[in-house]
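Have a look at the structure below, then the notes.
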Amino acid sequence: MATLPASGASKRIATLDIIRGIAVMGIFSVNITAFAMIEGAYFNPPAYGGADGANLALWAANLIVIDGKMRSLFSMLFGASMLLVIQRAAANGESPAKVHFARMAVLFAIGLVHYHLIWWGDILKDYAAVGCLAYLWRNASVKKLLCWAAGFYLFGMLFFGSFLVQVLQWDQAAHAPGATKKVVEQWNDFAAMLYPPAVDIAKDLALHRGSWLGIAHYWVVEKPFSWVQGLFFFTPETLGLMLFGMAGYKSGFLTGEWDDRRYLKWAVVGLALGALASLILAYVDVESRFYAPLVFGGFICGLAPFRLIMAFGYAALIILLTRNLGWLSLRIAATGRAAFTNYLGTSLIATFVFYGWGLGYYGYVERWQAWLLVPTVWAIMLLWSKPWLDHFYYGPLEWVWRTLARGKLQPFRKPKPTDVAAAF
C-alpha cells in the first residue's frame, strides 16, 4: 500500500488521493454544461447549446467516458475516506461518532451555503446527510457491505424504473385521442425538464445573467428547499456507492493492495462493458432524436450498473498506472488531498465566468466553447495543489472544515526545515 508524506498526524494513502483527484477533475468536465447554460442542456443537447458537430461529439464523449462514472468514483471515495477517519479517530482514543457527525454537520452547513449562494448543483449537503446513514455500517464486514451496497443501488434503479414506467404511461395517455387536461399537464411537466419551453428558457437566462443578489434571492427565498427532492431521489444510489467504497477500502481494492493481474482484469472488463453500454445509449439517444423518456431513463436506469462497473474499472486502471508515484501522480494526489477546496473552487471560477455578476457568458456560448474552460481549470488544480500542500498541512477549505468540526484551530502551516532543525 503506497503512502504519501504525513499530513497532520497520519500518513496519506496514495491511491485514495489519486483516485479522488481524478474524480474531482472529471466531474467538472460534465458539470461545465450546467454552469454555462440551462439545466435541460445537461442531458439533452437539443434543449440548448448545440446538438450537432463538435457540440454533439463533446456530449457523446462525456457520456461515454465520464458522465456518472466520476461521480460514482467520488461517492465511493467519500465512503472510503469517511471510514478511514472513523477508524483513525478510534485508534487515537477519540469518539468515532463525535468526530464523524461533527464533520458531517459542518459539511452539510457548507453544502447549504454552496447550494443557496454559489451554485445549485451542490453535492456536499447530500453527501453529509447520506454519510450520517452510512455510519451505521462502519463495522460491517466486506461481504455485508457489498450485499447492502448492492441492495441500495438496486433499489435506486427500481425506484427510478417505476417512475420511468409512469412517464411512458403519461406519454401514451397524453397523445391518445381525448386525453384529459391533467394527463397532458403531467406529460408536459416531465418533458419540460429536458425540453423547456421558450418562456422558461427566457426566465432562466434572465436570472443567471442578472445580479448575484437576484440569484441568491431565487434559491434562498423562492426555492429554499428544492434540494430535498434530489436528496430523496438519489439517497439509495448514493448510500450504495458509499458502502461500495467502504467495502473497497476494507478489502484493499481502493488502497492498492491487490496484485496487478487482478487490477488489470477489473480494468479491462469494467471499462470495456461500461464504455460499450454508454456508446449504445449515446447512439440510441441520437437515433431517437433525444426522446425524453429514453434520454432520462437510459441514463438514470439503463446505465446504472454499467456506470458502477466502469467506476471500478477506472479505479483499477488508475491504481495500475500510478504505482510508481511519478511526478504527475504526486500532482494528482495533491489535487485529491485538496479535493474539497478544488470542488468548491470550480464553482467559484465557473460561476464567475458564466453568471451575470462575473463575466456574464451564461447562455451565450455553445457546449464545446463552454468546455474550453475545463482544461484551464484542470491545469490550475494541478499547479496550485502540490506547492500549497508542500507548505501547509491541509487545503484552505479542508482546514476550515477540520477546524469547525473539531471546534478549535488546527495546525495549518508546516514548520520550515530550519525550524525543525532548531528544535533539536
Estimated distance in nm for a label pair at Ser251 and Lys416, the labels positioned 7 Å out from Cα along Cα-to-Cβ: 4.9
With θ taken as phi - 60° and the coefficients 6.51, -1.76 and 1.60, list the Karplus ³J(HN,Hα) couplings across the stretch 117-128 in order, rounded to whole Hz; mark glycine and proline as x. 10, 10, 8, 5, x, 4, 10, 5, 4, 5, 4, 5
Report, in whole Å, the centroid distance computed from the Cα atoms of the stretch 251-265 and the stretch 138-175. 29
Among the listed pairs Lys98/Lys125; Lys144/Lys386; Lys125/Lys223; Lys203/Lys223; Lys144/Lys408; Lys125/Lys408, give every one whose C-alpha distance is greater than 26 Å. Lys144/Lys386; Lys144/Lys408
Inter-part gap, Cα centre of the stretch 318-335 to Cα centre of the stretch 22-40, in whole angstrom, is 24
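With r as the distance between the Cβ atoms of Ala105 and Leu264 and R0 = 56 Å, compute the FRET efficiency 1/(1 + (r/R0)^6) and round to 0.05.
0.85
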Extending each Cα 7 Å along its Cβ direction at Arg323 and Leu409, get the distance between those two points in nm, one decimal. 4.6
Spacing of the two label points (7 Å from each Cα toward its C-beta) at Leu372 and Val199, in nm: 3.6
What are the residues whose amide H is under 5 Å from the amide H of Phe392, where those residues sit 5 or more places off or on another chain and H is modelled from the backbone? Lys414
State the percent of C-alpha pairs, over all pairs in the stretch 94-162, separated by a distance greater than 16 angstrom. 60
Derived scalar couplings ³J(HN,Hα) [the stretch 63-79; Karplus, 6.51 cos²θ - 1.76 cosθ + 1.60; whole Hz; x for Gly, Pro]: 5, 6, 9, 10, 4, x, 6, 6, 5, 4, 4, 4, 5, 5, 5, 4, x
If the convex hull of the alpha-carbon atoms of the stretch 262-360 is projected onto planes in all directions, what is the mean projected area in square nanometres? 9.3
Any idea what angle helix 14-36 forms with the longest principal axis of the chain, computed on alpha-carbon atoms, 0 to 90 degrees, nearest 10? 30
Can you list the residues of the stretch 376-415 with backbone N under 14 Å from a point 7 Å past the Cα of Lys98, pointing along Cα to Cβ? 405-408
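Just so you know, all these numbers are worked out from the coordinates, no wet-lab data involved. Since we're looking at a predicted model, the values are computed, not measured. Note that we place each Cβ from the backbone using ideal geometry, even for glycine, and neighbour counts take in every protein chain shown.
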